[in-house]
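Asker: Mind having a look at this structure? Questions to follow.
The values are calculated or read from the model by the stated rules, or taken from the named source; none is laboratory data. Here the structure is a predicted model, which means the values were calculated and not measured. Please note: Cβ atoms are built from the backbone with ideal geometry, for glycine as well, and neighbour counts cover all protein chains shown.
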Amino acid sequence: MGLEAARARLFDCLRHEIRDKRVLSAMARVPRERFVSPDHYYAAYEDMPLSIGFGQTISQPFIVALMTQALGLKGGEKVLELGTGSGYQTAILAELAKWIVSIERIPQLAESAMRVLKELGYKNFAIHTSSEALGWPAGAPYDGIIVTAGAPSVPDVLLEQLVLGGRLVIPVGSRWEQDLLKVTKRKRKHLVKSLGGCRFVPLIGLGAWEES
Ligand code: SAH
């Protein structure tokens, strides 16, 4: 199947699952084939994760749409992303919010994501290479935080970087499978909603997993 036909088929499916029209049109504008290696060019619009090297993956389009929708972006937000990877999710966020801070621990991935995002004309983002500590406190507080790697629990350090009423979308579970959580920050008891099962590569760092 050609790229255009695969793309049309993917968007037909997404339209049935995703309510937020802004998310659907952002996904329709971002060329996912630019974020995958030439080997995966014809698989760019299959609804599955693809390898991006260094043992990491670009997330499945449906999961990108679901996580982005859960952030409830209106356009004026400052958003933190953990796990730049290919930069695909960063591009979707850049379409939908005012300013994106994206953190990646593998410098080569950070560099190639930066290059592709610049080539596509995005200007409202910054990518930083992370240290051990999770997130990017220097830019806090954020209106929304999205974590595109799986954590053993909801990290307090990330909730500290979020505004009151802000949302943290994060896969939580084992190293191999997780539950996708939407956590709304409250003064006392945070609101936690499960969005379903998922499989992400592990989030590495203090308060998350150790590198294996
Ligand atoms: N959003 C990405 C998915 C990347 S996979 C995309 O659309 O392509 C998850 C990424 O998280 C990997 O690149 C991995 O290196 C990175 N990662 C893991 N632990 C991290 C941490 N503590 N801080 C930042 N990035 C991390």
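Asker: Among the residues of segment 33-41, are any surrounded by fewer than 16 Cβ atoms within 10 Å (Cβ to Cβ) and aliphatic (A, V, I, L, M)?
Answerer: no
Asker: Starting from residues that are β-branched (Val, Ile, Thr) and more than 9 Å from the ligand (Cβ to nearest atom), keep the ones in segment 55-68 and report whichever is nearest to GLU33 (Cα to Cα).
Answerer: ILE63
Asker: For segment 69-80, does any single residue satisfy the condition of being of a type in the set (Val, Ile, Thr), closer than 21 Å to ILE103 by Cβ and near the ligand (Cβ under 9 Å from one of its atoms)?
Answerer: no
Asker: Among all residue pairs at least 6 apart or on different chains, which show Cβ distances below 8 Å where the first residue, located in segment 178-191, is assigned to a loop (DSSP other than H, G, I, E, B) and the second is polar (S, T, N, Q)?
Answerer: HIS190/THR184
Asker: Still on this structure: Would you confirm, using the coordinates I've provided, whether GLY197 is out of contact with any Lys or Arg (no Cβ under 7 Å at 6 or more places or on another chain) and modelled with pLDDT under 95?
Answerer: Answer is no for this residue.
Asker: For a quick check of your reading: which helices (runs of 4 or more DSSP H) sit entirely within segment 21-124 and have at least 2 residues that are under 16 Å from the mean Cα position of the chain (by Cα), within 21 Å of GLU4 (Cα to Cα) and in contact (Cβ under 8 Å) with a residue 40 or more places away in the chain? Walk me through how you get there before you give the answer.
Answerer: Details: elements: 21-29, 61-71, 88-96, 107-119.
Answer list for segment 21-124: 21-29, 61-71, 88-96.
Asker: Would it be correct to say that GLY135 is crowded, with 20+ Cβ neighbours inside 10 Å, part of a loop (DSSP other than H, G, I, E, B) and not aliphatic (A, V, I, L, M)?
Answerer: yes
Asker: So GLY205 clears everything in (1) surrounded by fewer than 20 Cβ atoms within 10 Å (Cβ to Cβ); (2) within 15 Å of the ligand (Cβ to nearest atom) except one condition, right? Which one?
Answerer: Evaluating GLY205 over (1) surrounded by fewer than 20 Cβ atoms within 10 Å (Cβ to Cβ); (2) within 15 Å of the ligand (Cβ to nearest atom) leaves (1) as the failure.
Conditions (1) crowded, with 17+ Cβ neighbours inside 10 Å; (2) of a type in the set (Gly, Ala, Ser); (3) closer than 21 Å to SER112 by Cα, marked per residue:
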position: ARG7; (1), (2), (3): yes, no, no
position: LYS21; (1), (2), (3): no, no, no
position: PHE54; (1), (2), (3): no, no, yes
position: PRO61; (1), (2), (3): yes, no, yes
position: LEU66; (1), (2), (3): yes, no, no
